[in-house]
Amino acid sequence: MVKDFDAVIVGAGLVGMSMALSLAKTGLKIAVIERTKISSQLDAEFDGRVSAIALGSQYILDDIGAWEFMQLYAEPILDIRVSDGATPFFLHYDHKEVGKNPFGYIIENRYTRYALHQAAALLPNITLIENFKIKTLFQNQYNASITRDNGESITASLIIAADGKNSQIRELAGIKATHWDYKQTAIVCTIEHSLAHNGLAQERFLPIGPFAVLPMTGNRSSLVWVEPNDRVKIYMDLPEDEFVQEITERIGGYLGDIRTSGKRFSYPLSMLHAKKYSAQRIAFIGDAAHSIHPIAGQGVNLGFRDVATLGELIRKQYKCGLDIGAENILSDYEKLRAVDNLSMIAITDLLNRLFSNNILPIRTARDIGLWTVGKLPVVKRIFMHHAMGIKKVGNA
Ligand SMILES: Cc1cc2nc3c(=O)[nH]c(=O)nc-3n(C[C@H](O)[C@H](O)[C@H](O)COP(=O)(O)OP(=O)(O)OC[C@H]3O[C@@H](n4cnc5c(N)ncnc54)[C@H](O)[C@@H]3O)c2cc1C
């Protein structure tokens, strides 16, 4: 059986579902295919991750109709504090220095997924197909198709691959990628605490790896605790009281009494950048095109910006009655997104290498850097705008 769509999105993750919503507004007939069972992704035990959604990404999620379903679960980031290990140098960013808006929001990924699915359910031109195991990919100058194991085939003018870091579509299309392993793993867990976090997000650069404390709704925070791979098992297996003691040693007492809530999760960290963001009749978005170190909490924000750029190009082309999978769209998309993605890869990689060590000259240089950024309002404001994922912020 063959089914025809205008666009097929492979991967119903945060980026793929956002892409579907962004295109659905035009009336295009869209299929989203997902290899897993969708309901399992909405389970609290699925991945335990939260994301820092920058203000610019919140605008995108609002524009595609998802924000209204997730805002209840989003905690505003009002202050950011960046510090270097035990040295007295730190940077403090207060959202009031750049306007009334928060820097962004912390939200559990499952609630973002849930909101995206709720918004998609309202749109009859989005067809969601789960448990779809791709067997083959076929491309020609007019369209592209994928076939599943039972022989069913789906054809479209454009395939948008949002199937994550280990993209099968990238593999099948023969697109190579640059990749390196950080030999680090992020331990992720939620803590409950007796004192309020007051919207403060903390990033502590410890010599062994960065340690982030991100404010969640209620008296809860999410920890993203990076360690070299060989030390991770020790912490994953620690009894609760010793685990809590390790956390307290790293964050101090500003949150009062703490205890963990839910499971501990671990994610090995690596960088990946596709050599091209497109192939004939295919575009790559989100982690399928670029996957970065989580040190600055920017990975999915880059993906949302891919969605906004590609969505706008496709909508314009479609309004003019032109082919949405044409070569010009794909090359414009790559030109418009490469600089943002590559510069974020470079920044996160540099930050991780610069801060995850205790070598004296490097430590001195970075402390001078932190002090300088803190003392120069213009430079500080540039950093704040960058964290918010927007170029310029008004006072409104
Ligand atoms: C510890 C950690 C903390 C992070 N914190 C932040 C943060 O604070 N802020 C931030 O911006 N980013 C953060 N990130 C990065 C962020 O999680 C990723 O960038 C984001 O999840 C990528 O989304 P995606 O939709 O592109 O890919 P994925 O989340 O990988 O989704 C891919 C989807 O495609 C499906 N799929 C895969 N293969 C196939 C196939 N062959 N056929 C059909 N479907 C398929 C998968 O099942 C999945 O549903 C963090 C990452 C880590 C590891």
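The values are calculated or read from the model by the stated rules, or taken from the named source; none is laboratory data. Keep in mind the model is a prediction, meaning the values are calculated, not measured. Every residue, glycine among them, receives a Cβ derived from its backbone with ideal geometry; neighbour counts consider all protein chains shown.
Need the failing condition index for residue 104 against (1) in contact with a helix residue (DSSP H, G or I) (Cβ under 8 Å, 6 or more places away or on another chain); (2) closer than 13 Å to residue 17 by Cβ; (3) of a type in the set (Gly, Ala, Ser), just the number.
(2)
If you take the residues in the range 12-59 that are among the β-branched types (Val, Ile, Thr) and closer than 23 Å to residue 325 by Cα, which one is farthest from the ligand (Cβ to nearest atom)? Spell out how you get there, then give the answer.
Applying the first criterion (among the β-branched types (Val, Ile, Thr)) to the range 12-59 yields 15, 26, 30, 32-33, 36, 38, 50, 53.
In the following step, the residues that additionally are closer than 23 Å to residue 325 by Cα were identified as 15, 26, 30, 32-33.
Working: 15: 3, 26: 21, 30: 15, 32: 9, 33: 5 Å.
Restricting to residues being among the β-branched types (Val, Ile, Thr) and closer than 23 Å to residue 325 by Cα, the top hit is 26.
Would you be able to say whether some residue in the range 333-344 is modelled with pLDDT of 95 or more, closer than 21 Å to residue 156 by Cα and among the charged types (D, E, K, R)?
The answer is yes; a qualifying residue exists.
Please state which of the following conditions residue 260 fails to meet, knowing it meets all the rest: (1) out of contact with any Phe, Trp or Tyr (no Cβ under 8 Å at 6 or more places or on another chain); (2) surrounded by 13 or more Cβ atoms within 10 Å (Cβ to Cβ).
Condition (1) is where residue 260 drops out.
Regarding the range 234-254, can at least one residue be identified that is over 30 Å from residue 63 (Cβ atoms), within 15 Å of the ligand (Cβ to nearest atom) and without any contact (Cβ under 8 Å) to a residue 60 or more places away in the chain?
Quick first cut of the range 234-254, residues over 30 Å from residue 63 (Cβ atoms) only: 234-254.
Filter once more, keeping what is within 15 Å of the ligand (Cβ to nearest atom): 235-236.
Those still in the list that are without any contact (Cβ under 8 Å) to a residue 60 or more places away in the chain too: 235-236.
Taking every residue of the range 234-254 in turn, at least one turns out to be over 30 Å from residue 63 (Cβ atoms), within 15 Å of the ligand (Cβ to nearest atom) and without any contact (Cβ under 8 Å) to a residue 60 or more places away in the chain.
Residue check: is residue 73 more than 11 Å from the ligand (Cβ to nearest atom) and closer than 15 Å to residue 305 by Cβ? Write out each step before concluding.
Values: more than 11 Å from the ligand (Cβ to nearest atom): yes; closer than 15 Å to residue 305 by Cβ: no.
Taking the combined requirement at face value, the residue does not satisfy it.
Going by the conditions given, is residue 302 of a type in the set (A, V, I, L, M), within 16 Å of the ligand (Cβ to nearest atom) and closer than 30 Å to residue 223 by Cβ?
Details: of a type in the set (A, V, I, L, M): yes; within 16 Å of the ligand (Cβ to nearest atom): yes; closer than 30 Å to residue 223 by Cβ: yes.
Answer is yes for this residue.
What are the residue pairs meeting all of these: first residue in the range 62-85, first residue touching a residue at least 12 places away in the same chain (Cβ under 8 Å) and assigned to a loop (DSSP other than H, G, I, E, B), second residue among the aromatic types (Phe, Trp, Tyr) and crowded, with 16+ Cβ neighbours inside 10 Å, Cβ atoms under 7 Å, and 6 or more apart or on different chains?
74/105; 85/205
If a residue has to be modelled with pLDDT of 95 or more, within 8 Å of the ligand (Cβ to nearest atom) and either part of a helix (DSSP H, G or I) or not aliphatic (A, V, I, L, M) (or both) to count, how many in the range 272-298 make the cut?
4
Would you check if there is a residue in the range 282-300 being over 18 Å from residue 23 (Cα atoms) and polar (S, T, N, Q)? Walk me through how you get there before you give the answer.
To start, the set of residues in the range 282-300 that are over 18 Å from residue 23 (Cα atoms) comprises 287-300.
Next, only the ones that are polar (S, T, N, Q) stay: 291, 298.
Yes, because at least one residue in the range 282-300 is over 18 Å from residue 23 (Cα atoms) and polar (S, T, N, Q).
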